[in-house]
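Working notes, beginning with the structure itself.
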């Protein structure tokens with residue numbers, strides 16, 4: 001595990017992934033500072049963490065907020081583009097022993113040339129700009145490490161969720177449709193394999209990387225070892241929501257993407273492909289890491305949270321209409 005009592009800075013700290021990492025780092029005795037705008041309602045900063053309120057996109061504000069501060073490790077949850085990473089390099093060069101960049105497993109080769117996916121799997125995603133930006137960020141960091149010794153560590157999570165995040169194409173709208181007995185659209189033929197990781201499980205491995213010199217210059221995949229067909233994921237949600245056996249209508253991913261440009265890139269560039277990840281590398285550094293929350297338990301936790309927060313049960317009218325159109329299209333006479 002990482003050194004107990006290390007001085008850690010999280011840039012972000014109130015997102016789905018980072019909030020769980022905050023709690024785990026505090027529980028394990030780290031001295032944690034969080035830099036963000038302090039505006040999250042769903043994931044407020046817990047007791048035991050120091051909050052520095054500043055907009056990370058405001059370079060002058062960040063310089064003032066961090067003046068004279070040094071850290072054993074900095075974890076950047078809020079950089080998505082090379083210019084944002086370049087700003088991070090400028091902020092933290094010479095003031096941290098490790099800079100951990102949260103990339104994405106969607107950066108791995110799509111479609112995959114082989115499974116399981118390893119850290120050595122090529123990075124290439126011609127379908128999704130988000131993934132290409134993450135690849136460019138990684139390239140920038142590795143160049144800074146090779147050229148200047150900038151202490152970068154890269155982490156690649158896959159589909160990570162918590163109680164607030166429904167990992168279905170339509171979110172709560174799909175659960176609403178299942179409860180109403182209305183057909184639900186599933187991409188492809190429903191048999192492609194997908195890996196879902198609870199944020200609390202992710203946090204175990206992530207915290208173990210912090211302030212670890214041997215992780216510098218390295219990249220790590222962190223996911224669960226459970227992988228499920230998409231049809232099974234929808235059925236698990238139906239059961240958790242007390243819905244009848246769902247009627248799952250299969251529609252080609254390309255067809256969905258053409259009809260829904262907003263969701264399309266993330267679907268064709270990630271979820272449409274079977275992915276199984278090899279977590280051997282992270283386990284070699286954090287030997288006690290094991291993802292112990294099965295998705296069936298996570299789905300029940302999600303539904304329970306939404307039941308307790310009815311204001312979050314938003315039914316997307318546009319997605320309802322889109323689903324109806326796609327179902328009609330899939331059922332058309334050949």
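Considering segment 60-76, the residues that are surrounded by 13 or more Cβ atoms within 10 Å (Cβ to Cβ) and more than 25 Å from residue 208 (Cα to Cα) include one that is nearest to the chain's Cα centre (by Cα), namely 62. Filtered by the rule that a residue be out of contact with any helix residue (DSSP H, G or I) (no Cβ under 9 Å at 6 or more places or on another chain) and surrounded by 20 or more Cβ atoms within 10 Å (Cβ to Cβ), segment 112-132 gives a lone residue, 121. If I filter segment 248-263 down to residues being in a helix (DSSP H, G or I) and touching a residue at least 12 places away in the same chain (Cβ under 8 Å), which single residue comes out as surrounded by the most Cβ atoms within 10 Å (Cβ to Cβ)? Per the stated criteria, the residue is 256. Here the helices (runs of 4 or more DSSP H) wholly within segment 166-242 that include at least 1 residues being without any contact (Cβ under 8 Å) to a residue 60 or more places away in the chain and on the phi < 0 side of the Ramachandran plot are 230-240.
Checked across segment 133-152, the condition of being touching a helix residue (DSSP H, G or I) at 6+ places or on another chain (Cβ under 7 Å), assigned to a loop (DSSP other than H, G, I, E, B) and either surrounded by fewer than 19 Cβ atoms within 10 Å (Cβ to Cβ) or without any contact (Cβ under 8 Å) to a residue 60 or more places away in the chain (or both) holds for no residue. For segment 285-331, name all the residues that are free of Cβ contacts under 8 Å to residues at least 40 places away in the same chain, over 28 Å from residue 189 (Cα atoms) and either assigned to a helix (DSSP H, G or I) or in contact with a strand residue (DSSP E or B) (Cβ under 8 Å, 6 or more places away or on another chain) (or both). If the condition is that a residue be free of Cβ contacts under 8 Å to residues at least 40 places away in the same chain, over 28 Å from residue 189 (Cα atoms) and either assigned to a helix (DSSP H, G or I) or in contact with a strand residue (DSSP E or B) (Cβ under 8 Å, 6 or more places away or on another chain) (or both), then 307, 308, 310, 311 are the ones that fit.
Condition first: closer than 18 Å to residue 162 by Cβ and either outside the structural domain of residue 65 (by TED's automatic domain parsing) or part of a strand (DSSP E or B) (or both). Now tell me which residues in segment 22-36 satisfy that. Selection gives 34, 36.
The values are calculated or read from the model by the stated rules, or taken from the named source; none is laboratory data. Here the structure is a predicted model, which means the values were calculated and not measured. Positions of Cβ are backbone-derived with ideal geometry, glycine not excepted, and every protein chain shown enters the neighbour counts.
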